[in-house]
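Peer 1: Starting off with a structure, shown below.
Values quoted throughout were computed directly from the atomic coordinates according to the rules given, and no laboratory measurement underlies them. Just so it is clear, the structure is predicted and the values come from calculations on it, not from any experiment. Here the Cβ positions follow ideal geometry from the backbone for every residue, glycine too, while neighbour counts run over all protein chains shown.
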Amino acid sequence: MQPGRRPLIAGNWKMNGLKADSSARVRNLATLLRGAAGLPAEIVVCPPATQIAAVVEAAAGTPILVGGQDCHGQPKGAHTGDVSAPMLADLGCRYVIVGHSERRANHGEGDALVAAKAAAVRAAGLVPIICIGETAAERNAGQAVAVAGRQIDASVPAGTTPANTVIAYEPVWAIGTGRTPTIEEIAEMHAAIRARLVGRFGAPAAGVRVLYGGSMKPENAGPILQVADVDGGLIGGASLEAADFFAICRASGPEASAGD
Ligand code: PEP
């Protein structure tokens with residue numbers, strides 16, 4: 001992390017739990033956070049769409065912000081079953097994940113659609129967390145940096161600034177597998193992503209936060225979050241346990257390097 005870029009720790013709860021589970025998880029997290037005043041990180045949880053209202057209510061008066069896991073690229077219309085960015089804003093969301101690899105793989109979402117979704121999120125006054133990352137085959141072929149560069153070019157809309165965009169670098173092969181890149185590989189990818197952002201959007205884009213995601217746990221969060229170009233994490237499995245997620249939030253603080 002660098003001065004000027006506030007760390008962001010975001011939990012992606014995916015399709016898990018019911019309202020009561022999610023509300024209880026937020027309350028537990030809020031209790032843990034109350035005992036750790038002064039943590040520098042911005043903390044976001046992204047529940048399933050049906051649980052957002054309950055989670056927003058449970059998070060009221062706490063530092064916990066709420067995000068969506070996906071949205072449609074249009075603000076309204078004949079799109080049965082979809083949820084729009086203005087609807088997420090209406091519920092009290094501040095962020096929306098777009099382009100997660102599970103959406104790209106399971107729903108055939110390509111870069112152009114991801115860019116449209118990100119633009120729709122911005123138009124609703126929210127901040128997209130735009131996910132990019134290579135598959136195992138692409139990494140094994142030595143294509144990881146090139147793939148991330150292409151995804152930055154095609155998935156990130158024009159007009160990107162540090163205030164209106166967050167990027168999450170999530171190697172597909174690391175998601176939910178317990179495998180992570182080495183610290184050196186993470187550092188290389190994040191530096192390349194930042195350079196590509198600056199090349200495309202100019203010097204101010206050096207301030208865009210770039211999160212790491214993929215099997216981040218309390219045990220490995222400290223060293224990953226201390227990498228210079230890593231500005232936080234997007235956490236899946238470990239965000240479902242309030243104590244684990246809290247431990248990752250703590251690892252984003254300056255005191256973490258002293259012993260956590
Ligand atoms: C994710 O799905 O965004 C993710 C990072 O999952 P996990 O932490 O479980 O690998």
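Peer 1: Pairs needed: first member in segment 174-185, outside any loop (DSSP other than H, G, I, E, B); second member anywhere, more than 8 Å from the ligand (Cβ to nearest atom) and polar (S, T, N, Q); C-beta distance under 9 Å; at least 6 residues apart or different chains.
Peer 2: A174/T180; I183/Q226
Peer 1: Run M189 past the list (1) touching a residue at least 24 places away in the same chain (Cβ under 8 Å); (2) under 22 Å from E42 (Cα atoms) and report the number of the one that doesn't hold.
Peer 2: Exception for M189: condition (2).
Peer 1: G142 - would you say it is under 18 Å from T165 (Cβ atoms) and either part of a helix (DSSP H, G or I) or not aliphatic (A, V, I, L, M) (or both)? Spell out how you get there, then give the answer.
Peer 2: Values: under 18 Å from T165 (Cβ atoms): no; either part of a helix (DSSP H, G or I) or not aliphatic (A, V, I, L, M) (or both): yes.
So G142 does not fit the description; no.
Peer 1: Another question about this same structure. Hey, can you tell me all the residues within segment 179-201 that are of a type in the set (K, R) and more than 16 Å from the ligand (Cβ to nearest atom)?
Peer 2: Selection gives R194, R196, R200.
Peer 1: Now, a different point. Identify the single condition in (1) within 23 Å of Q143 (Cα to Cα); (2) within 14 Å of the ligand (Cβ to nearest atom) that E219 does not satisfy, given that it satisfies every other one.
Peer 2: The failed condition is (1).
Peer 1: Test A251 against the stated conditions and say whether it is within 10 Å of the ligand (Cβ to nearest atom), of a type in the set (A, V, I, L, M, F, W, C) and farther than 22 Å from V127 by Cβ.
Peer 2: Details: within 10 Å of the ligand (Cβ to nearest atom): no; of a type in the set (A, V, I, L, M, F, W, C): yes; farther than 22 Å from V127 by Cβ: yes.
The answer is no for A251.
Peer 1: Additional query: In segment 150-173, which residue that is buried (at least 16 other Cβ atoms within 10 Å of the Cβ) and in a loop (DSSP other than H, G, I, E, B) is nearest to the ligand (Cβ to nearest atom)?
Peer 2: Residue satisfying both the conditions and the ranking: E170.
Peer 1: So which of G73, G4, G35, G110 is surrounded by fewer than 20 Cβ atoms within 10 Å (Cβ to Cβ) and farther than 26 Å from I186 by Cβ?
Peer 2: G35
Peer 1: Would you confirm, using the coordinates I've provided, whether E57 is away from the ligand (no atom under 16 Å from the Cβ) and either surrounded by 23 or more Cβ atoms within 10 Å (Cβ to Cβ) or within 21 Å of G232 (Cβ to Cβ) (or both)?
Peer 2: Answer is no for this residue.
Peer 1: Name the pairs whose Cβ atoms lie under 8 Å apart, with the first residue in segment 209-225 and closer than 16 Å to I167 by Cβ, the second of a type in the set (D, E) and within 11 Å of the ligand (Cβ to nearest atom), and 6 or more positions between them or separate chains?
Peer 2: Cβ pairs passing all conditions: Y212/E170; G213/E170; G214/E170.
Peer 1: For segment 1-107, list the strands (runs of 3 or more DSSP E) that sit wholly inside it and hold at least 3 residues that are over 20 Å from F246 (Cβ atoms); which are they?
Peer 2: Once the strands (runs of 3 or more DSSP E) in segment 1-107 are filtered for at least 3 residues that are over 20 Å from F246 (Cβ atoms), what remains is 95-98.
Peer 1: Could you list, in sequence order, all residues of segment 117-139 that are part of a loop (DSSP other than H, G, I, E, B) and either charged (D, E, K, R) or within 16 Å of the chain's Cα centre (by Cα) (or both)?
Peer 2: So the first thing to find is which residues in segment 117-139 are part of a loop (DSSP other than H, G, I, E, B), and the list is 124-126, 133-135.
L126, G133, E134, listed by residue number.
Peer 1: Taking the stated definitions as given, is R194 of a type in the set (K, R), closer than 30 Å to D153 by Cβ and out of contact with any strand residue (DSSP E or B) (no Cβ under 7 Å at 6 or more places or on another chain)?
Peer 2: no
Peer 1: Something else about it: Kindly evaluate P63 against the criterion of being more than 16 Å from the ligand (Cβ to nearest atom), of a type outside the set (S, T, Y), surrounded by 14 or more Cβ atoms within 10 Å (Cβ to Cβ) and over 24 Å from I235 (Cβ atoms). Lay out the reasoning, then the answer.
Peer 2: On the way: more than 16 Å from the ligand (Cβ to nearest atom): yes; of a type outside the set (S, T, Y): yes; surrounded by 14 or more Cβ atoms within 10 Å (Cβ to Cβ): yes; over 24 Å from I235 (Cβ atoms): no.
Judged against the criteria, P63 is not a match.
Peer 1: Of everything in segment 85-102 that's in contact with a helix residue (DSSP H, G or I) (Cβ under 6 Å, 6 or more places away or on another chain) and within 16 Å of the ligand (Cβ to nearest atom), which residue is farthest from L65 (Cα to Cα)?
Peer 2: If we take residues in segment 85-102 being in contact with a helix residue (DSSP H, G or I) (Cβ under 6 Å, 6 or more places away or on another chain) and within 16 Å of the ligand (Cβ to nearest atom), then S101 is farthest from L65 (Cα to Cα).
Peer 1: Can you run down the residue pairs with Cβ atoms below 8 Å, 6 or more apart or on separate chains, where the first is in segment 78-96 and touching a residue at least 12 places away in the same chain (Cβ under 8 Å) and the partner is assigned to a loop (DSSP other than H, G, I, E, B) and of a type in the set (F, W, Y)?
Peer 2: Pairs found: none.
Peer 1: Something else about it: Run down G176, G232 and say which single residue is more than 22 Å from A119 (Cα to Cα), in contact with a Ser or Thr (Cβ under 8 Å, 6 or more places away or on another chain) and more than 11 Å from the ligand (Cβ to nearest atom).
Peer 2: Unique residue meeting the criteria: G232.
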